[in-house]
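Asks: Quick one: this structure, given as structure tokens, is what I'll be asking you about.
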Amino acid sequence: MSVNRWLATGNFYESYKQEQRIFSTHCERAVFIVFIVALFLWPLLIKTSNTALLVLDEIMIAIIAIIGLNLVTGFAGLISIGHAAFVGIGAYTLAATSRVLGDQHVLLTHAWPLMIFLSGTAGAVFGAFVGLPAIRLKHLYLAIATLSFQMIFQWTINFMSFFNQGQTIPIARVYCFTGMVSRKDHYLFWYYTILIIVVVCGFCVRNLLRTRYGRCLVAVRDNDRAADAMGMHPGLTKVYAFSLSGFFAGIAGALHAYLYRGAGLDSFTLHHSITYLAMAIVGGLGTLAGSFFGPTAIKALDLQVEQLSEWTSVFLPAAMNLATALKPLAFGLVIVLFLIFEPRGIANWWRIIKSYIKLWPFKY
Amino acid sequence: MSYFFQLVVSGIVTGSIYALSALGFVLIYKSSRVLNIAHGQIIAGGAFITYALTVWLKIPIYLSFFISMIITFFLAMSIERIFLRRLIGEPIISIIMVTIGLMSILDGIIYLTPFGTYNLSFPDFFPKRPIIFWGISISWTRMAGVIITFILISLFSWFFKKSPIGVSMRAVSDDQMASMSVGISVPKVFGLAWAMAGMSAAAAGSIIGNITGLNFETLHAFGIAVFPVVILGGLDSIIGAVVAGIIMGLIQQFAAGYLDGNWGLNGTADVLPYIILLIILLFKPHGLFGTHEIERV
Amino acid sequence: MKFKAPFIIILSTILSLFLLAGCGQKQESGQEQGQRSAAKAHTYKIGLSLAITGSTSDAGNPYSKGVEDYINYANEMKFLGDDKIKCMIRDDQYKNDVTKRNFEDFLSAGIIFYLNYSTGSTLALKRDFEEERIPVIPASFHAGNLIDSNYIFLPIVSYSSQAIGLSEYIVNNHKGVNPKTAMFIHPSAFGRGPVEDVKKAVAAGLTMDIIEVVEHGRDLDNTAMLKRLISKKVQYVICNTVQSPVATLLNDAQRLGISADEFGQEDKITFFGVHYTGGNDLIALAGTSAENFFWTTSYRLTNEESAGASAQLEIAQKYGRDSKTANSHNYTNGIMAAQIAVETIRRAKAKGLEINRSNLYNELTAMNGFNAYYPLTTVGPVTFSSQDHAGVDTQIIYQVQNGVFRSICNPFESTYTGKLK
Amino acid sequence: MKRLQLSAITLSFGGLDVLTDVSMTIEPGIIASIIGPNGAGKTSILNCISGFYHPQKGDIYFGKQKLTKASPHQVSTLGIARAFQNIELFSGMTVLDNLLLARHQNLNYNFFQAVAFWGKASRQEALNRAYVEYIIDFMELEPYRKQTVASLSYGIQKRIEMARALTLGPDLLLLDEPMAGMNIQEKEDIVRFIIDIQHERQITVVLVEHDLGVVMDISDQIFVLDFGELIFSGKPEQIANNPKVLEAYIGQE
């Protein structure tokens, strides 16, 4: 039988190996590859401002953080109101290294891939530690336990002179093959680095989710007693979920510290934890695609509102209060409207569009 | 020794104001299993309404206190009607997030008013001189705060225990399906719970506003600061809120009185409640007075 | 579901276009700059990023209006001839990340002078200022801003010097042996900044005992702390924080009956504060408890007759500000930052120099001696040099008398600040 | 094959005795049924075996392994699988996913192989999928493979529950009222499955059931509980004339 693997219609799996594929048709795979290649190529073709690159870098860092948050809150169903603190742990791993060894130390400037990985590990260790109450606590009590962790983290950083009491701890520019990454190339360099990390993380999580290490997360979310009877320790699975989420958050934190060339407390406050949750919700909880859409949408909204309020302040100079009120208003409205009208988030739109295209032209 | 007693008295006084702020959380959670993160904003709103009535409309403070409570009663009720009603039966994370969204919306609305950025304070309507006995001093404002707190809390407890609506509210909190089947309107009960929480928020806001002055940030930060109290008390127990409020008040005062300034520690009053909360939760996973949900297989 | 799909495609396309527009628009403004510079009348761009919303917006809001109004005023009064200044004002909600983005944005728009706001963001961006070699005036007078940095200029004396000035006032007027003092500070770099410097001044011979340094939290009740201070015989408390905690502190002190009715009263505490603790907002928050509070700054206040006060009120009236904003010392503060920027550009232009960052920097560092700048709103001249990056070196002390801040001494320069250098 | 042994177990909740001194021995490879009136403690026995409850007195052995204090996930790794009375499926997932999940402990690739989805992980997942397909085939669930559990009927859900327990690859299967609330035809299907399970796969089945007809037909051994006490154990044909059982079921006249 001749198989046309470019279309979904008339295509049947012949082995279970085939069913494991991430892309069911060549078409899908081709589109994806073109998209990734485009992401790599466009900065070389179009001249972009540093601000635009900074925004994109920010979005991608948020994507990594949200992948982590989605694993714990979306897939494992454990509400974490302390995700910014995990991200902070990553950033402060670098900061602590900088305080101990000096910010120009070769470990920070040359061995930065290792440092990023180490920050992720630190995040994972703290994640496991914070996850421990999950063995006993449930629902809101657990959510507030993570909130407590956020508060304790903030207090510790803010009052310890080792951490410069929450002031920015500087981290030097990194070196790559061509020498020191200069101010001019800084954002572009990190654009590529973060992009590679995002793609790798995306694939890792995609893989994880089709193995037992991913399925157990969903199992404890849906029914932790049944999960117990299926041979998973529900408590340890939850701790593992927190630790996994901490790992991604740690990586995001390290990247944030490198991108901003310093770690300061005010990037990892409760407010950020809440924003992360909002991103996960708007993207779509419990979906990998949502982890990409959420941060993009919320950051885009932020920028739009900023521009809008600037625009209104030109026309209504005396009505500054309107402009200042717009940001929280828009943020809140988006969350509430999404929850009321599209609780499954943008990922659901994505799903609808995909099935629409897949069936095209044979819609029934 | 009088230092110690002063701390105890201050702790109890602060604690009872915590209890009043926590009451709003408890009322809502008790009936509808929703944790209203936007409560701090409602507290701030209540304080601002009282201020606007007293200073701008020149209504006597006691009267505006009541009017403010009535306004927030309807305000909170309509919040429930507009935002929460549609989400009955949704997962817990959605509902928490809705209240977070609500928090942002209320922030936005308050920034539209002058209160968003101004610093204001209530006119003095109590004598500024404190009440002093045995060397321990309490201000009139705080004393009034404590009295109002206890009046309100006993009113609410009585209401829950004795009045028909209160009984139906307890029934709903116990089992929504069963209460629906005996003809209790569950949405109505939810609305009422929110409304009562709104009332308590206005009272708490007016009292706190009298103590700290009216600064939006200080006031809404109180909503977060009171979380440890709510959880420690066990989310659905009024008595729990009172006890936990006073415990937290005492902890904070003792932290500020004995820890701060020694061993290089500072600001411990902000973090100690959370640490103690975590420790207690490890032993009592449902807080001090929270109901255990028995799991059947 | 079927009819939903096309709708969603359209919607998401629009959304992604929005995102592109968000990134693209800023690029445009860079090109715009290039086109404009070819024309006859120049427009010089300066940037201001500050907290109009979020924490400290009570100070940031009037500050932004001060900058906005003065720049408009300067343009209308033709301080720079036909040339104009365009000040881009962005709200960063007190978040360093947003400040950084705004700054990058301003840079691609081609700013030649930058006004910053918070201590945190100034410290976080210090290295960028160095690399970009752009003159910066922050609204934070944190002395630490000047360490390892060449391009940050404080408009007035640092918090440290203000606190030392207050200490000197205490020492000079205190009767008896070493005055026992405590410090009440904000739990951040901004609050902690002066502590070390005051301690250094004490070490250098200022006859004062620092009994305790208190970092406040979100306390509703300062009873414990005040009782402790009284038991340690503390007579003076120097505050470096924002108004709201000070108001609570003053209220508590009055309630406990330990606030002094006049300077240095026995067994009572006299309260002092540096720039951001005071102003009309404090009186608004603390009411009668604010009585006898001592406050230092380098600005003239509008409740006392002066040329600066009337000029400020005139500008405020011209742009329709309410009386609260018009009389705020943070409005003065904003005007001050804008004044320095405008004056620097004016001087460079008067010399016929090209208006760019390095010339402005040179102009700023030459602002001393006969070249010193005398703004109306301050109690002394602005003097910068390559060594001295604090503008107005003099300060003045105000005391709350019957609900109004009144100056109680002549402008002075704290002696120990000089000695410490 | 292992023998399940309960020796004099006593379980009480706050003074209320649920099980008193119950001893049972279930030989490998048989179908054993536990019957009794409501509240007799049938489900509690299953809960004790599968580790959700821990008896205060007495011991439970599975072969040589002591289960008394083991938690559910430990019990399940020893080869004891359980289907619940009130359906405890992962309701948000498809039937396929539910079954794949049950293979959790039978997969032994490590975390890093999982992340890379390379080598062992990929191979094992394919085998896993094949195994699940075999169970789907066995339990005749083919039409529902890719449907979400929550959207299926009660009868099917019960069957999925059984299939999931079977996917664990157990030596001992605990079924808690698999036929409750079903019509005759559905019951017949379930009975057929149970018999097939025992015959084709040599799995010991412990059944808690109300339908006496079915129990009499298929059981090799029957245990009767009343008020937490074991009042009878033996072959089905002995039960009909046991006075104690009659008394428990019909009541004292």
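Asks: Give the average, rounded to an integer, of partner chain Cβ atoms located within 10 angstrom of each Cβ in A:329-342.
Replies: Across A:329-342, the average partner-chain Cβ count within 10 Å equals 6.
Asks: Let's test this: bin the Cα-Cα distances of region C:122-184 at 10 Å from zero up to the farthest pair and state each bin's percent.
Replies: Whole-percent P(r) values from 0 Å outward: 20, 37, 21, 16, 6, 0.
Asks: Summing both sides, how much accessible area is buried between C and B? Use a 1.4 Å probe and give Å² to the nearest 100.
Replies: Its buried surface, counting both partners, is about 3200 Å².
Asks: Still on this structure: Just checking the output field for C:226-235: average partner chain Cβ neighbours within 10 Å of each residue's Cβ?
Replies: 2
Asks: Could you work out the equivalent-ellipsoid semi-axes for chain D, taking the square root of 5 times each eigenvalue of the Cα gyration tensor, largest first, in whole Å?
Replies: Whole-Å semi-axes of the equivalent ellipsoid: 33, 21, 16.
Asks: Accessible area of region B:20-224 with a 1.4 Å probe: how many percent of it is carbon plus sulfur?
Replies: Its accessible area is 72 percent carbon and sulfur atoms.
Asks: What is the Cα radius of gyration of chain B over 2.2 N^0.38 Å, N being its residue count?
Replies: Expressed relative to 2.2 N^0.38 Å, the Cα Rg reads 1.01.
Asks: Can you tell me the accessible area per residue over region A:49-359, all protein chains present, probe 1.4 angstrom, in square angstrom?
Replies: It amounts to 31 Å² per residue over region A:49-359.
Asks: Using only the Cα atoms of the protein assembly as shown, each taken as one equal point scatterer with no solvent, compute I(q) by the Debye sum, divide by I(0), and report log10 of the ratio at q = 0.05, 0.07, 0.09 Å⁻¹.
Replies: Rounded to two decimals, the profile gives -0.43, -0.80, -1.22.
Asks: Here's another thing I want to ask about it. Looking only at C:Phe106, C:Phe271, C:Phe263, which one moves most when chain C is put into a Gaussian network model with springs between Cα atoms under 10 Å?
Replies: C:Phe263
Asks: Mind checking the mean number of beta-carbon atoms from other chains within 10 Å of the Cβ atoms in B:221-227?
Replies: So the per-residue partner count for this stretch is 3.
Asks: Which residues among region D:58-84 fall inside the zone where the amide N is under 19 Å from a point 7 Å beyond the Cα of D:Ala8, along Cα→Cβ?
Replies: Residues D:58-62, D:66-69 qualify, since their backbone N sits under 19 Å from the label point.
Asks: A 25 angstrom limit on the alpha carbon distance is what I want to check against. Which of B:Lys58/C:Lys318; A:Lys184/C:Lys100; B:Lys58/C:Lys268; A:Lys184/C:Lys84; D:Lys42/D:Lys69; B:Lys30/B:Lys162 exceed it?
Replies: B:Lys58/C:Lys318; B:Lys58/C:Lys268; A:Lys184/C:Lys84
Asks: Just A:Gly179, A:Gly120, A:Gly88 to compare: in a GNM of chain A, with alpha carbon springs under 10 Å, which one fluctuates most?
Replies: Looking only at A:Gly179, A:Gly120, A:Gly88, the largest GNM fluctuation is found for A:Gly179.
Asks: Report the Stokes-Einstein translational diffusion coefficient (µm² s⁻¹, integer) for region D:1-96, Rh taken as the Kirkwood radius over Cα pairs, at 10 °C with viscosity 1.306 mPa s.
Replies: 111 µm²/s
Asks: May I pose another question? Helix by helix through chain C, keep the DSSP H runs that span 18 Å or more along the axis on Cα and average at least -1.0 on Kyte-Doolittle, and give those back in order.
Replies: The answer, listed by residue number, is C:4-38, C:96-109, C:119-132, C:159-173, C:189-203, C:243-256, C:329-350.
Asks: Averaging the inverse of every distinct alpha carbon separation and then flipping it gives the Kirkwood radius. What is it for region D:171-253, in angstrom units?
Replies: After inverting the pairwise mean of 1/r, the radius is 13.9 Å.
Asks: Starting from the alpha-carbon convex hull of chain A, give the projected area averaged over all orientations, in nm².
Replies: Computed as one quarter of the Cα hull surface, the answer is 23.0 nm².
Asks: Separate question: Would you jot down the residues in region A:152-193 that end up with at least 10 Å² less accessible area in the complete protein assembly than in the chain alone, with a 1.4 Å probe?
Replies: A:Ile152, A:Trp155, A:Asn158, A:Phe159, A:Gln165, A:Gln167, A:Thr168, A:Pro170, A:Arg173, A:Arg183, A:Tyr187
Asks: Could you compute the net charge surrounding C:Ile156? Neighbours are other residues with a C-beta less than 13 Å from the C-beta of C:Ile156; K and R count +1, D and E count -1.
Replies: Residues close to C:Ile156 contribute a combined charge of -2.
Asks: Could you look at chain D and say what percent of its accessible area is carbon and sulfur, using a 1.4 Å probe and all protein chains?
Replies: That share works out to 50 percent.
Asks: Just the number, please: percent antiparallel of the DSSP beta bridges in chain D, rounded to the nearest 5.
Replies: Restricted to chain D, the bridges split so that about 55 percent are antiparallel.
Asks: Tell me, which residues of region A:58-88 get at least 40 Å² less accessible area when the other protein chains come in, versus the chain alone (1.4 Å probe)?
Replies: Residues losing area: A:Ile79.
Asks: Quantify, in whole percent, the carbon and sulfur part of the accessible surface of region A:49-359 (1.4 Å probe; protein heavy atoms only).
Replies: Heavy-atom surface of region A:49-359 belonging to carbon and sulfur, 1.4 Å probe: 71 percent.
Asks: Counting DSSP beta bridges in the protein assembly as shown, what percent are antiparallel, to the nearest 5?
Replies: Within the protein assembly as shown, antiparallel bridges account for around 45 percent of the total.
Asks: How large are Rg and Dmax for region D:113-178 when only the alpha carbon atoms are used, in Å?
Replies: 14.1, 42
Asks: What accessible area per residue comes out for region B:234-284, rounded to a whole number of Å², with a 1.4 Å probe?
Replies: Dividing the accessible area of region B:234-284 by its residue count gives 36 Å².
Asks: I'd like the per residue volume of the convex hull spanned by the Cα atoms of chain C, given in cubic angstrom.
Replies: Normalising the Cα hull of chain C by residue number yields 167 Å³.
Asks: A further question follows. Net charge within 13 Å of D:Glu209 by Cβ-Cβ distance, Lys/Arg positive one each and Asp/Glu negative one each, not counting D:Glu209 itself?
Replies: Net of charged neighbours comes to -1.
Asks: As a test of the definition: which semi-axes, in Å, follow for region C:85-129 when you take the square root of five times each eigenvalue of its alpha carbon gyration tensor? Largest first, please.
Replies: That gives 16, 12, 9 Å for the three semi-axes.
Asks: Further, regarding this structure: What does the charge count around B:Ser78 come to, taking other residues whose C-beta lies under 15 Å from its C-beta (Lys +1, Arg +1, Asp -1, Glu -1)?
Replies: +3
Asks: If one takes the accessible area of chain A alone plus chain C alone and subtracts that of the pair, with a 1.4 Å probe, what total in Å², rounded to the nearest 100, results?
Replies: What A and C bury together is about 4600 Å².
Asks: Amide H to amide H under 5 Å from C:Phe184: which residues, 5+ apart in sequence or cross-chain, H placed 1.01 Å off N in plane?
Replies: Residues meeting the criterion, in which the H sits 1.01 Å from N, are C:Val214, C:Ile238, C:Cys239, C:Asn240.
Asks: Once Lys and Arg get +1 and Asp and Glu get -1 on their Cβ, which of A:Asn164, B:Ile148, C:Val246 lies farthest toward the positive end of the dipole of the protein assembly as shown?
Replies: A:Asn164
Asks: Relative contact order of chain C, please, whole-number percent, based on alpha carbon pairs below 8 angstrom and at least 6 residues apart.
Replies: Relative contact order of chain C: 16 percent.
Asks: Ratio to report: Rg/Rh of region B:93-222, with Cα atoms as the point set and Rh obtained by the Kirkwood method; give two decimals.
Replies: 1.08
Asks: In region D:43-79, which residues become less accessible by 50 Å² or more once every protein chain is in place, relative to the chain on its own, using a 1.4 Å probe?
Replies: Hits at the 50 Å² cut-off: D:Phe52, D:His73.
Asks: Could you pull out every residue, at least 5 positions away or on a different chain, whose amide H is within less than 5 Å of the one on C:Lys86? Hs are placed 1.01 Å off N in the peptide plane, and Pro or chain starts have none.
Replies: Under 5 Å from the amide H of C:Lys86 lie the amide H atoms of C:Tyr44, C:Lys45, C:Ile46, each far enough along the sequence or on another chain.
Asks: I would also like to ask the following. Mind grabbing the interface size between A and D? I mean buried accessible area, both sides, 1.4 Å probe, in Å² to the nearest hundred.
Replies: For chain A against chain D, roughly 3000 Å² becomes buried.
Asks: List, in order, the whole-Hz ³J(HN,Hα) value for each residue of region A:287-303 obtained from phi through the Karplus relation with A = 6.51, B = -1.76, C = 1.60 and θ = phi - 60°; use x for Gly and Pro.
Replies: Coupling constants for region A:287-303: 10, 6, 4, x, 4, 8, 6, x, x, 4, 5, 5, 5, 4, 4, 3, 5 Hz.
The values are calculated or read from the model by the stated rules, or taken from the named source; none is laboratory data. Worth saying up front: this structure is predicted, and the values here are computed from it rather than measured. No Cβ is skipped: glycine too gets one built from the backbone with ideal geometry, and neighbour counts run over all protein chains shown. Areas reflect the complete protein model, heavy atoms only, side chains present, ligands, DNA and RNA absent. Shrake-Rupley method; radii C 1.70, N 1.55, O 1.52, S 1.80 Å.
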